[in-house]
Amino acid sequence: MKNAVASTDLTPPFPLPGRDDMDSAARFLAPLVPPTPQYVWPQVAAAFGAEVWLKHENHSPIGAFKARSAAVYFQKLMEREPGVRGVITATRGNHGQAVGLAARRFKLPATVYVPHGNSLEKNAAMRALGVALVEHGHDFQESREEATRIAGRDGLHMVPTFHPDIVLGVSTYWAELFRAAPDLDVLYVPIGQGSGVCAAAAARNAWSPRTKIVGVVSAHAPAYAKSFAARRLIEAPVETRLGDGMACRKPDEEALALVLANVERIAEVTDTELAEAMRNLFSMTHNVAEGAGAAAFAAAWRERESLAGRRVAIALTGGNVDSQVFADVLAGRY
């Protein structure tokens, strides 16, 4: 299968949020998504020979950073469209849980599309939040296309995976990190559809402009890495088994423009490296990371010799891994 190529406007599509925006969003989020911790774990610091801050978005109410994104998006949506009667979206799991959490908060019915073969435990978590779950397609892109079609047919609001209000919500966790750990040398951030890394850039620009941002993608889902290198949108196949949160076949054009303007470079990590990172995180901190949640650690771990003596931050963006998959990872079967 050849990579599909398209051009994109490299001009950032909207200004990233500033301090006042992030502070306001954090105040709104506080009752629903309390601040998450960031720690310098002794074993991690010793292994790196560096001051390594681990930001624990796996401690959010849905076990992932996206708890913040949909809540702020829904707040702004209800201001713009107070008559909205229902929402719909597509996901591999964490975005869908975020939509379910926000929909319950705002008393809106929510439908979530997932591809066939999606994580059973993430599906169960979404259903527990009250969403109507529909399986469709072989990957996220096919699920999203069908959800978009149904939104138009039924008059539902399609919740995007990337939007200025989503970036604003996510940026609140990076603001927490930079307040706790100012003047970082480098920050490692996984990239799925792009909200996390763009939000990191917003907080970096506001609090620590000298900090370098390294985006991290799956080597088996390299669309963003290829697009970054070529400085244009490139679609690429997805083959990752562990990094479902980074299973992006087609980058978001707006996100790509912001990534090109704000990110130093992109590192690619294999499923084998993700599994090693999941094991290391568990043994060193006793925290559970899903594949995408461990991606930043995996990239930093590979580059740890070059990080000695520096101030480093790593995002542990989620811990929603199926129990059998995690058992297989711990047993070395990945």
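The values are calculated or read from the model by the stated rules, or taken from the named source; none is laboratory data. What you are looking at is a predicted structure, and each value in this text was computed from that prediction instead of being measured. All Cβ positions, even for glycine, are placed from backbone atoms using ideal geometry, and neighbour counts span all protein chains on display. Ligands, DNA and RNA are stripped out before the accessible areas are found, and what is left, the full protein with its side chains, is counted by its heavy atoms. Shrake-Rupley method; radii C 1.70, N 1.55, O 1.52, S 1.80 Å.
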**OP:** Would you tally the residues in the stretch 134-147 being open to solvent by less than 60 Å² (accessible area, probe 1.4 Å) and either basic (Lys, Arg) or in a helix (DSSP H, G or I) (or both)?
**Re:** 6
Original post:
Is it the case that residue 131 is surrounded by 17 or more Cβ atoms within 10 Å (Cβ to Cβ), modelled with pLDDT of 95 or more and farther than 15 Å from residue 23 by Cα?
Top reply: yes
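So for the stretch 228-245 (the condition being outside any loop (DSSP other than H, G, I, E, B) and either under 30 Å from residue 327 (Cβ atoms) or modelled with pLDDT under 95 (or both)), does at least one residue qualify?
Step one: of the stretch 228-245, the residues outside any loop (DSSP other than H, G, I, E, B) are 228-230, 234-235, 244-245.
Now drop any that are not either under 30 Å from residue 327 (Cβ atoms) or modelled with pLDDT under 95 (or both), which leaves 244-245.
Yes, that holds for at least one residue.
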Original post:
When you go through 63, 117, 49 one by one, which is the residue that is surrounded by fewer than 15 Cβ atoms within 10 Å (Cβ to Cβ), touching a residue at least 60 places away in the same chain (Cβ under 8 Å) and out of contact with any Ser or Thr (no Cβ under 7 Å at 6 or more places or on another chain)?
Top reply: 49
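Here's the yes/no breakdown for (1) of a type outside the set (Asp, Glu); (2) within 21 Å of residue 193 (Cβ to Cβ):
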residue	(1), (2)
79	no, no
82	yes, no
110	yes, yes
115	yes, yes
121	no, no
126	yes, yes
136	yes, yes
143	yes, yes
Original post:
Which is in a loop (DSSP other than H, G, I, E, B) and at pLDDT 95 or above, of 305, 276, 268, 290?
Top reply: 290
**OP:** Residues being under 10 Å from residue 285 (Cα atoms) and either more than 25 Å from the chain's Cα centre (by Cα) or β-branched (Val, Ile, Thr) (or both): count how many of those fall in the stretch 41-56.
**Re:** 3
**OP:** Residue by residue through the stretch 266-291, note down the ones that are open to solvent by less than 20 Å² (accessible area, probe 1.4 Å) and either small (Gly, Ala, Ser) or within 20 Å of residue 57 (Cβ to Cβ) (or both).
**Re:** 267, 269, 274, 275, 277, 278, 281, 285, 287, 289, 290, 291
Subject >> Selection from the stretch 228-265 of residues that are open to solvent by less than 10 Å² (accessible area, probe 1.4 Å) and β-branched (Val, Ile, Thr) >> reply: 259
Original post:
Would the stretch 148-166 turn up any residue that is without any contact (Cβ under 8 Å) to a residue 40 or more places away in the chain, aliphatic (A, V, I, L, M), crowded, with 24+ Cβ neighbours inside 10 Å and part of a helix (DSSP H, G or I)?
Top reply: no
Original post:
Listed residues 268, 254; which is within 16 Å of the chain's Cα centre (by Cα) and more than 17 Å from residue 295 (Cα to Cα)?
Top reply: 254
**OP:** Output the qualifying pairs, or none if there are none: Cβ atoms under 6 angstrom, residues six or more apart or on different chains, first residue in the stretch 74-96 and over 13 Å from residue 147 (Cβ atoms), second residue of a type in the set (Ser, Thr, Tyr).
**Re:** 93/119
**OP:** Determine the pairs where a residue that is under 16 Å from residue 314 (Cα atoms), located within the stretch 191-217, has a partner that is surrounded by fewer than 23 Cβ atoms within 10 Å (Cβ to Cβ) and among the basic types (Lys, Arg) with Cβ atoms under 8 Å apart, the partner being 6 or more residues away or on another chain.
**Re:** 214/265; 215/265
Original post:
Is it the case that residue 125 is buried (at least 18 other Cβ atoms within 10 Å of the Cβ) and either touching a residue at least 24 places away in the same chain (Cβ under 8 Å) or within 27 Å of residue 236 (Cα to Cα) (or both)?
Top reply: yes
